[in-house]
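Novice: Have a look at this one.
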Amino acid sequence: MLSDDPPGSRGHVVLDALAGREPPAAPRTHGFNLVEVDADGARVTMWDGRSVRRAALAPGIHMIAHDDVDEERTARIAAWHDRFPVPDDGDARWWRPWLDVLERASADGATDDRAIVRDNRPFGYPTLSLLVCAASVDAAGVRLSSAAFDQPGRWNRPELV
C-alpha cells in the first residue's frame, strides 16, 4: 500500500469495471485479480500493492493466483494447471472432469499450498473458497454454471447448475 491508511473494499473494483472504469494507478485496496471477458476476448487486471498490470489472456486454460497468470512458482498452479483437460466443445457439462481435478487437489486439505479450494485463515487471511463456477464464453454468448460449497473452505462435490 502507498500509505498507512487501511485499505478500502475491493467490491467497487468489479462495479467500476462493469461501468467501464479502469482501476486507478494505485488502488487503495488489498491486491486483486480482476478477470474480464467480452466479445473482444479475455483479460486480467492485477494489483499487487505496488503496481497495476494488465494482460490479455489467449484462448485456453489459465490459472490465476497471487503471483501471476499461469505462474509456475505458485504451488497450486504448478501442481494442477496441466491436469485440467481441454473441454469437449460438444459436451454441455464439460466441467465434470474439472470437478475430478478439484477433488484430487483437495485431498491434502484446504491449507496445503497446492490446494485450489482454500482456507487461508491459518495464514492470517480471513478468506475461504465459497463456490465453484464454470463459465464458457464464445460467439454464442456466455454460459455460466455455479454452486456453493456446503461449508466454506471445504471441498464437497457440488452439482453445477
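The values are calculated or read from the model by the stated rules, or taken from the named source; none is laboratory data. Small disclaimer: the values here were computed from a predicted structure and weren't measured. Glycine gets a Cβ as well: all are built from the backbone with ideal geometry, and neighbour counts include every protein chain shown.
Novice: Right, Asp89: modelled with pLDDT under 90 and either in contact with a strand residue (DSSP E or B) (Cβ under 9 Å, 6 or more places away or on another chain) or basic (Lys, Arg) (or both) or not?
Specialist: yes
Novice: Give the residue that is surrounded by the most Cβ atoms within 10 Å (Cβ to Cβ), with candidates limited to residues of the range 121-161 that are in a strand (DSSP E or B) and in contact with a helix residue (DSSP H, G or I) (Cβ under 9 Å, 6 or more places away or on another chain).
Specialist: Among them, the one singled out is Val132.
Novice: Here are some residues: Arg118, Arg154, Arg143, Arg114. Which one is farther than 21 Å from Asp88 by Cα and touching a strand residue (DSSP E or B) at 6+ places or on another chain (Cβ under 7 Å)?
Specialist: Of the residues listed, the single one that is farther than 21 Å from Asp88 by Cα and touching a strand residue (DSSP E or B) at 6+ places or on another chain (Cβ under 7 Å) is Arg118.
Novice: Taking the range 70-79 as the search range and keeping residues that are in contact (Cβ under 8 Å) with a residue 12 or more places away in the chain and surrounded by 17 or more Cβ atoms within 10 Å (Cβ to Cβ), which one is farthest from the chain's Cα centre (by Cα)?
Specialist: So, considering only residues that are in contact (Cβ under 8 Å) with a residue 12 or more places away in the chain and surrounded by 17 or more Cβ atoms within 10 Å (Cβ to Cβ), the one farthest from the chain's Cα centre (by Cα) is Ala79.
Novice: Can you tell me which residue within the range 109-120, out of those that are under 21 Å from Val35 (Cβ atoms) and not aliphatic (A, V, I, L, M), is surrounded by the fewest Cβ atoms within 10 Å (Cβ to Cβ)?
Specialist: This residue is Asn120.
Novice: Can you tell me how many residues within the range 3-54 are part of a loop (DSSP other than H, G, I, E, B), modelled with pLDDT under 85 and loosely packed, with under 11 Cβ neighbours inside 10 Å?
Specialist: 7
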